[in-house]
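Enquirer: Pasting in a structure now, in structure tokens, and then I'll have a few things to ask.
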Amino acid sequence: MNFVPTKLEGCFIIEPKIIRDDRGYFMESFNENTFYNGTGQKVHFVQDNQSFSSKGVLRGLHYQTGDHAQAKLVSVISGEVLDVAVDIRPGSKTYGQYVAVVLSAETKNQFFIPRGFAHGFLVLSETATFFYKCDNFYNKESEGGLIYNDETIGIDWNFNPAEFIISDKDKIQPILKNAKKAW
């Protein structure tokens, strides 16, 4: 595996080693020791989640607060998405900045997002199956969110906003300055 740091401290793009032959392919999608050696972060995942969405579906930006904060290792099983992480760590030198990464079933790249980041994705292909591991259990009372089009963050979704398919909940999320604090 190749671990590529992003401009947001702690966020990594992970490029797996894929072994291909006439039968198909094999890859190791996660190994705790390899992950620690590549990122310097000890993470113990406790929950896996999967979603299926159509083109234009935008999910996010979501996070968990306090003791229920979550680190995520995200990937795409089928299709292609634009995956986004926003730094919401108080005092961080990159607070309010984001990284956007295209993840696809073809490349099999993964994106690691540590605790203290809001996360969301936009489906670019006709459909996509999105998969992610979390290092903490979901807790409804600890939910936080940011509106996808907060001008102070300025996410370039590189997609026509008129074609977004967004849940009612995600349409009314607050801007960063009014959002629930991460800790």
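What follows draws every value from the coordinates through simple rules; no lab data is involved. This one's a predicted model, so the numbers in the text were calculated from it and none came from an experiment. Cβ coordinates were reconstructed from backbone atoms using ideal geometry, including for glycine residues, and neighbour counts include every protein chain displayed.
Enquirer: Looking at the range 1-84, which GluC sites (Glu not before Pro) are in a loop (DSSP not H, G, I, E or B) and have at most 14 other Cβ atoms within 10 Å?
Expert: Filter output for the range 1-84: E9, E28.
Enquirer: Which translational diffusion coefficient, to the nearest whole µm²/s, is obtained for the range 1-71 from the Stokes-Einstein equation, given a Kirkwood hydrodynamic radius over C-alpha pairs, 20 °C and 1.002 mPa s?
Expert: My calculation gives 141 µm²/s for D.
Enquirer: When only DSSP loop residues count, what chymotrypsin sites (Phe, Trp or Tyr not before Pro) in the range 110-159 have their Cβ near at most 15 other Cβ atoms within 10 Å?
Expert: F137, Y138, F159
Enquirer: Same structure again: Taking θ = phi - 60°, what integer Hz values does the Karplus form 6.51 cos²θ - 1.76 cosθ + 1.60 yield along the range 156-166, in sequence order, with x for Gly and Pro?
Expert: 8, 6, 6, 7, 5, x, 5, 9, 5, 10, 10
Enquirer: Karplus couplings for the range 66-74 from phi (6.51 cos²θ - 1.76 cosθ + 1.60, θ = phi - 60°), rounded to Hz, Gly and Pro as x?
Expert: After applying 6.51 cos²θ - 1.76 cosθ + 1.60, I find x, 5, 9, 3, 10, 8, 10, 10, 10 Hz.
Enquirer: Using Cα pairs under 8 angstrom and six or more residues apart, how large is the relative contact order of the chain, in percent?
Expert: 29 percent.
Enquirer: Which whole-Hz couplings ³J(HN,Hα) result when phi for each residue of the range 127-140 is put into the Karplus expression 6.51 cos²θ - 1.76 cosθ + 1.60, θ = phi - 60°, listed in order with x for Gly and Pro?
Expert: 8, 8, 10, 10, 10, 8, 9, 10, 9, 8, 6, 5, 9, 4
Enquirer: Aspartates and glutamates near K180 by alpha-carbon distance under 15 Å, same-chain residues fewer than 8 away left out - which ones?
Expert: Straight-distance partners of K180: D67, D87, E141, E143, D150, D170.
Enquirer: Also, quick follow-up: Looking at [x] 12.8; [y] 12.3; [z] 10.6, which value of mean projected area of the Cα convex hull in nm² comes from a calculation on the structure shown?
Expert: Correct label is [z].
Enquirer: In addition: Set Lys and Arg Cβ to +1 and Asp and Glu Cβ to -1, take the dipole of the range 1-139 about its Cα centre, and tell me which of P90, I13, T107 lies farthest positive.
Expert: P90
Enquirer: I've got another one for you. Run through the range 108-163 and list the GluC sites (Glu not before Pro) located in a DSSP loop whose Cβ has at most 12 other Cβ atoms within 10 Å.
Expert: E126, E151
Enquirer: Which aspartates and glutamates have a Cα less than 12 Å from the Cα of K55, not counting those fewer than 8 places away in the same chain?
Expert: Candidates past the 8-residue exclusion: E80, E126, E163.
Enquirer: Report, in debye and to the nearest 20, how large the dipole of the range 1-108 comes out about its Cα centre when Lys and Arg carry +1 and Asp and Glu carry -1 on their Cβ.
Expert: With Lys and Arg at +1 and Asp and Glu at -1, about 220 debye.
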